[in-house]
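Just so it is clear, none of the values below were taken in a lab; they were calculated from the coordinates. If you're wondering where the values come from, they're calculated on a predicted model, not measured in any experiment. Please note: Cβ atoms are built from the backbone with ideal geometry, for glycine as well, and neighbour counts cover all protein chains shown.
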Amino acid sequence: MIKKYPNIADYNSASDRSTSESEVALVNDGTGIKIHGVNVQVTEPQKGDIAYLDAARELKYILHDTYNAITFDPNSDVIGVVGEVIDGYADIIALDAYNISAKYADVYQWKVTNSAAGSGTLSLKHNADDAITYELTWTGVTATEEGKQALAQEIQLVLTNNANANWSCYYDADEEAVIMQLDNYTTAGFAVSCTGLTFTAFMDEVPVDSGTTKMRNGKFSSYPSWNHLRTAEWAGTNGTMTDDSEPTGAYPDTAIMSRATFDASINMKGKYGTYEEYCKATLPMYPRFDKGPLKYHFVGAEYTKEYGAIKYHKRDDAPGAKTGDKYKAMARVLSYQPTVKAGHSLPAYCIASAGNWHMADALELHMLLKDMNTTSANTTVANYDVVNRNLAAIGTRIHLAADFWSVVRISAAYAWNFVGYGMFHDYYFYPSYRALPLLTVKI
């Protein structure tokens, strides 16, 4: 017997669907025939399909909306959901992706150079605190290795004598450089200076050429939307733009109308119809990916491996040792592997083992998140987008009000992140934002 449902929402939320056998249903809102199966296996995954490892630790897929935990093979382990299929590759979002967060950079570093022995006032501004000063005399000159070692010891001695627990200085043999390091890096407003010494930011920056992206309405903005539904949710209340013209970006709040202002705008309401369509105009223009944070195309895996492996010397490390993860978020993702059932394992050859996951660049992250609809007002799982419906089936979801790191930076001090207002943003490295583990596999 073919079951009938008036619309897709009723079909998705129906309580009379079997959990043990396949069924065929007719959805009368134009959706048509729906085949309902249980843990249906597919060989070519599509968006929303559930990824799992079988008993042999081979990667397999279950068709979206057919997963049933009770009848799922106990010898297998779910590892995530296909977030997008791009150019023959599937991007798998990790099962516990929403729970992984870290600072972009655990510390902030400068390389110290000089040309002569001397003395001066060392000024240190720790986070937002007032600057403190120490009188410093040095004999070490950075033209030689011995001089670099001496300078590092002389600066560190001043810090030690003044019981300064926020800063450290050491000679890094790998870099052949004196490193001044802000160890306690938790807010903005930091600075270091001393007459006679030069401090050059050492954060391996990969800046973008432009901070602006062309939006769908043709305007350029430093803050385009990454998800227009979340932008509409935030700006609907917080937007304060009053000019009866196109939005110039989702942030600051003066760059977009509130919902009430939009409803009163004959011009904008006549053009876009709904507030959500108006907010959609702040999404990046396709296929314009040559400027701003979207300039770098699918470099997440490369950058995660490169920068996630960089270590730094922690205050309590033995001399010459480096055990800290300099780029914490990428290191966290690089070491990530999914949790499997008791008695199961992830051998080194397994595609899902540590070292194979990565953090996305801005373009990849935008492709994954732009069509999600899990705003705070949408709490019904059956109404979720296909990715979040199936993430919910395995125990999680992506909250659009969260902040997400991308691997791409704009300067030595700022990285591009997806702020919870629904727009791209560049910000300091210190906040603990979401670091979304992704596994890219060829189909």
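When Cα extents along the principal axes in Å is computed from the coordinates, the matching label among (1) 90, 63, 34; (2) 72, 53, 38; (3) 92, 45, 37 is (1). Projected over every direction and averaged, the convex hull enclosing the alpha-carbon atoms of segment 165-232 yields 8.5 nm². Taking amide H atoms as placed 1.01 Å from N in the peptide plane, the amide H of Tyr327 lies under 5 Å from those of Asp106, Ile310, each 5 or more residues away in sequence or on another chain.
In a fully extended conformation the segment linking Glu176 and Asp87 would gain 27.8 nm over its present Cα-Cα distance, using 0.36 nm per residue. Of all DSSP-defined beta bridges confined to the chain, some 95% are antiparallel rather than parallel. Give the residue from Thr261, Phe220, Thr240 lying farthest towards the positive end of the charge dipole for segment 213-280; charges sit on Cβ (+1 for Lys and Arg, -1 for Asp and Glu) and the dipole is referred to the Cα centre. Ranked along the dipole, the leading option is Phe220. Our coupling estimate for segment 261-267, obtained by passing each phi through the Karplus curve with A = 6.51, B = -1.76, C = 1.60 and θ = phi - 60°, is 5, 4, 4, 8, 8, 5, 5 Hz, Gly and Pro reported as x. Label point of Ala55 set 7 angstrom out along Cα-Cβ; within segment 72-95, amide nitrogens under 20 Å from it belong to 72-79. The charge dipole of the chain, taken about its Cα centre with unit charges on the Cβ of Lys, Arg, Asp and Glu (plus for the first two, minus for the last two), comes to roughly 640 debye. Using amide H atoms built 1.01 Å from N in the peptide plane, name the residues 5+ places from Ser222, or on other chains, whose amide H lies under 5 Å from its own. Counting only residues 5 or more places away or on other chains, the set is Thr213. Among Gly355, Gly118, Gly37, the largest mean-square fluctuation in a Gaussian network model of the chain (Cα springs under 10 Å) belongs to Gly118.
Excluding same-chain neighbours fewer than eight residues apart, the aspartates and glutamates reachable from Lys328 by a Cα-Cα span under 12 Å are Asp106.
Cβ crowding within 10 Å ranks Met257, Met203, Met285 as Met285, Met203, Met257, fewest other Cβ atoms first. Need the C-alpha centroid separation for segment 127-180 versus segment 187-258, integer Å. Result: 35 Å between the Cα centres. Rank Ala105, Phe429, Ala9 by how far each Cα sits towards the positive end of the charge dipole of the chain (+1 on Lys, Arg Cβ; -1 on Asp, Glu Cβ) and give me just the farthest. Of the options given, the answer is Ala9.
Per-residue ellipticity at 222 nm, computed for the chain from helices alone with -39500 (n - 2.57) per DSSP H run of at least four residues, works out to -5000 deg cm²/dmol. Relative to the dominant Cα principal axis of the chain, helix 228-238 is inclined by about 70°. From the Kirkwood radius over Cα pairs of segment 203-266, Stokes-Einstein at 37 °C and 0.692 mPa s returns a whole-number translational diffusion coefficient of 261 µm²/s. Modelled spin-label separation between Asn68 and Thr187, with each label point placed 7 Å from Cα along the Cα-to-Cβ direction: 5.5 nm.
Ordering Thr43, Thr248, Thr133 by the number of other Cβ atoms within 10 Å of each residue's own Cβ, fewest first, gives Thr43, Thr133, Thr248.
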